[in-house]
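Participant: Shown below is the structure under consideration.
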Amino acid sequence: TLLYTIKFEVGFMSSLFLLALLCLFTPGSSFWKFYIVDKDGNPGANPGLLIADNGRVRGTVCAVSDDDFAIGKGSGITMCREAGYNYVWQWSRAGNNTWPIQHTFPFALSHMDCGRGGQNSFQSCEYYQPLPGDCTHADDVLLTCEGLACPADHFYNNLLDACQACPPGASSRGNSSVACECQAMHYWNSHLHTCMACPGNSTSQPGATACVCPQGLYWELDSGMCLKWSFTLVDRYGNPGMRSGLLVADNGRARGTVCSDYI
């Protein structure tokens with residue numbers, strides 16, 4: 001009987017230990033909610049302090065090191081999505097500039113890992129629930145998010161910082177969409193935020209943001225037209241016909257250099 005009791009107690013304690021480990025490092029639960037508060041604790045702030053709440057614990061998320069919270073900003077992207085935004089613009093630790101409101105919160109989560117590209121929800125992330133002494137409020141995560149998470153058939157208008165309905169005949173998957181998907185032979189005009197018919201003999205596939213021009217013509221995004229461009233290399237004095245030099249474009253209306261942003 002004594003041997004049986006010892007075996008039972010050892011087995012019971014081992015089970016408790018394994019259960020504690022599972023509680024400390026586990027895939028995220030849908031019961032956790034996330035929001036961003038300002039220095040007075042008011043929700044809806046951006047930027048602000050990241051707060052996690054599962055109904056029993058409401059507190060800060062700590063990152064002991066740069067790699068502890070964001071692997072390629074993946075956890076920041078996920079947290080911004082959970083807080084109702086599209087993506088993270090910047091994250092940091094509070095450091096020496098802690099707010100008095102931080103010290104009213106316990107530590108809810110730490111060592112968050114949502115992968116390098118982030119997840120659509122916290123349910124796919126891993127984390128620790130910190131033990132006493134694991135974190136300080138200097139390690140609390142501060143977030144700056146961008147872009148509202150929009151519902152389906154809406155797009156995010158960054159000029160208005162608002163979600164808008166797609167025009168008739170267009171659709172979107174919502175969330176991080178900054179453009180609606182137009183029907184074939186149309187393209188999404190990002191300046192006017194609407195679907196436009198492709199001009200002349202140009203064509204497009206459904207969901208296109210530009211039209212495909214006939215051979216010898218090039219699509220100009222600003223005007224929404226197919227234009228004939230010629231290209232040449234000039235030397236420092238503007239003489240053309242060089243094998244190396246400054247790239248110059250000419251369409252008969254405009255002549256100038258080519259910006260390197262997308263080359």
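The values are calculated or read from the model by the stated rules, or taken from the named source; none is laboratory data. Fair warning: this is a prediction, and the values are worked out from it, not measured in the lab. As a convention, Cβ positions derive from the backbone with ideal geometry for all residues, glycine included, and neighbour counts pool all protein chains shown. Heavy atoms of the whole protein, side chains included, go into the accessibility calculation; ligands, DNA and RNA do not. Shrake-Rupley method; radii C 1.70, N 1.55, O 1.52, S 1.80 Å.
Participant: Among the listed residues Ser177, Ser204, which satisfies the condition of being without any contact (Cβ under 8 Å) to a residue 24 or more places away in the chain and touching a Phe, Trp or Tyr at 6+ places or on another chain (Cβ under 7 Å)? Break it down stepwise before answering.
Facilitator: Details: Ser177 fails: without any contact (Cβ under 8 Å) to a residue 24 or more places away in the chain.
When all the criteria are applied, what remains is Ser204.
Participant: Also: Quick one: which strands (runs of 3 or more DSSP E) sit completely within segment 25-83 and have at least 1 residues that are of a type outside the set (D, E, K, R) and at pLDDT 80 or above?
Facilitator: Numbers: elements: 25-27, 33-37, 48-53, 58-62.
By residue number, 33-37, 48-53, 58-62.
Participant: In segment 153-172, which residue that is open to solvent by 60 Å² or more (accessible area, probe 1.4 Å) and under 17 Å from the mean Cα position of the chain (by Cα) is farthest from Ala184 (Cα to Cα)?
Facilitator: Asp161
Participant: Exactly one condition in (1) in contact (Cβ under 8 Å) with a residue 12 or more places away in the chain; (2) under 24 Å from Tyr85 (Cβ atoms); (3) of a type in the set (A, V, I, L, M) is not met by Leu159; state its number.
Facilitator: (1)
Participant: Here's a check for you: in segment 222-243, which residue that is open to solvent by 90 Å² or more (accessible area, probe 1.4 Å) and not in a strand (DSSP E or B) is nearest to Ala197 (Cα to Cα)?
Facilitator: Result: Asp222.
Participant: Report yes if Asp250 is among the acidic types (Asp, Glu), open to solvent by 70 Å² or more (accessible area, probe 1.4 Å) and more than 23 Å from Arg81 (Cβ to Cβ), otherwise no.
Facilitator: Here the answer is no, as Asp250 does not meet what is asked.
Participant: How many residues does segment 105-124 hold that are over 15 Å from Cys62 (Cβ atoms) and either modelled with pLDDT of 90 or more or of a type in the set (A, V, I, L, M, F, W, C) (or both)? I'd like the intermediate steps shown before the answer.
Facilitator: Step one: filter segment 105-124 for residues over 15 Å from Cys62 (Cβ atoms), giving 114-124.
Next, only the ones that are either modelled with pLDDT of 90 or more or of a type in the set (A, V, I, L, M, F, W, C) (or both) stay: 114, 122.
Here the count works out to 2.
Participant: Looking at this structure, is Leu131 aliphatic (A, V, I, L, M), open to solvent by 30 Å² or more (accessible area, probe 1.4 Å) and in contact with a strand residue (DSSP E or B) (Cβ under 7 Å, 6 or more places away or on another chain)?
Facilitator: Numbers: aliphatic (A, V, I, L, M): yes; open to solvent by 30 Å² or more (accessible area, probe 1.4 Å): yes; in contact with a strand residue (DSSP E or B) (Cβ under 7 Å, 6 or more places away or on another chain): no.
Taking the combined requirement at face value, the residue does not satisfy it.
Participant: Determine whether Glu146 is open to solvent by 50 Å² or more (accessible area, probe 1.4 Å) and touching a helix residue (DSSP H, G or I) at 6+ places or on another chain (Cβ under 9 Å).
Facilitator: On the way: open to solvent by 50 Å² or more (accessible area, probe 1.4 Å): yes; touching a helix residue (DSSP H, G or I) at 6+ places or on another chain (Cβ under 9 Å): yes.
The answer is yes for Glu146.
Participant: Kindly establish whether Gly169 is under 30 Å from Pro100 (Cα atoms) and out of contact with any Pro (no Cβ under 6 Å at 6 or more places or on another chain).
Facilitator: Details: under 30 Å from Pro100 (Cα atoms): no; out of contact with any Pro (no Cβ under 6 Å at 6 or more places or on another chain): yes.
So Gly169 fails the test.
Participant: I would also like to ask the following. Within segment 179-195, can you find the residues that are in a loop (DSSP other than H, G, I, E, B), within 13 Å of Asp153 (Cα to Cα) and either open to solvent by 60 Å² or more (accessible area, probe 1.4 Å) or among the aliphatic types (A, V, I, L, M) (or both)?
Facilitator: Of everything in segment 179-195, just one residue is in a loop (DSSP other than H, G, I, E, B), within 13 Å of Asp153 (Cα to Cα) and either open to solvent by 60 Å² or more (accessible area, probe 1.4 Å) or among the aliphatic types (A, V, I, L, M) (or both), namely Ala179.
Participant: Where residues in segment 211-221 are surrounded by fewer than 17 Cβ atoms within 10 Å (Cβ to Cβ) and part of a loop (DSSP other than H, G, I, E, B), which of them is nearest to the chain's Cα centre (by Cα)? Break it down stepwise before answering.
Facilitator: Narrowing segment 211-221 to residues surrounded by fewer than 17 Cβ atoms within 10 Å (Cβ to Cβ): 212, 214-216, 218, 220-221.
Still in the list and also part of a loop (DSSP other than H, G, I, E, B): 214-216, 221.
Values: Pro214: 36, Gln215: 37, Gly216: 38, Leu221: 25 Å.
Filtering segment 211-221 for residues that are surrounded by fewer than 17 Cβ atoms within 10 Å (Cβ to Cβ) and part of a loop (DSSP other than H, G, I, E, B), the one nearest to the chain's Cα centre (by Cα) comes out as Leu221.
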